[in-house]
């Protein structure tokens with residue numbers, strides 16, 4: 001059963017996903033907030049409550065994991081060449097595929113004018129979302145990137161081996 005501070009921590013954590021700040025806002029001491037925030041996130045009841053709230057939020061917004069992954073894939077694997085016709089002219093937005101449209105962050109049109117104010121032509125600039133970031137997110141989802149260091153050898157054994165290497169290099 002969650003106590004009042006844990007419930008408050010969960011509400012605050014869901015605002016910015018920052019455990020230390022959530023602990024402070026929930027009423028924990030700023031000096032111990034980092035430790036207590038981390039400890040709170042390891043609590044199975046707190047984890048379950050956070051997961052339930054996130055799932056509820058996703059349902060309310062009508063957003064599912066598959067949709068998010070599809071958008072990541074659209075940006076990560078976009079082909080900018082699809083925005084242009086065979087002559088290299090930018091296609092009208094109405095002719096873009098859904099995948100291409102999802103990958104475009106902005107389109108700017110700069111008119112080129114003569115001294116008398118008449119329009120000579122236009123320069124079109126297209127900007128895509130950060131492809132590298134989306135590839136990183138996709139790789140993380142697929143388990144290709146691991147930010148956690150897992151040490152399977154006992155630390156004492158590692159220290160003995162390091163000392164042995166130092167003695168061997170010195171002798």
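Nothing in this text is a laboratory measurement; each read-out follows from the coordinates by a stated rule. Just so we're clear, the structure is a prediction, and the values are computed from it rather than from any experiment. Because the Cβ atoms are built from the backbone with ideal geometry, glycine has one as well, and the counts that use them run over all protein chains shown.
In table form, for the structure just shown:
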{"read-out": "Any chance residue 106 is within 30 Å of residue 55 (Cα to Cα) and either in contact with a strand residue (DSSP E or B) (Cβ under 6 Å, 6 or more places away or on another chain) or surrounded by 12 or more Cβ atoms within 10 Å (Cβ to Cβ) (or both)", "value": "no"}
{"read-out": "The one condition in (1) assigned to a strand (DSSP E or B); (2) within 20 Å of the chain's Cα centre (by Cα) that residue 133 fails to fulfil", "value": "(1)"}
{"read-out": "Positions within the stretch 129-151 being touching a residue at least 12 places away in the same chain (Cβ under 8 Å) and either touching a strand residue (DSSP E or B) at 6+ places or on another chain (Cβ under 6 Å) or exposed (fewer than 11 other Cβ atoms within 10 Å of the Cβ) (or both), in sequence order", "value": "129"}
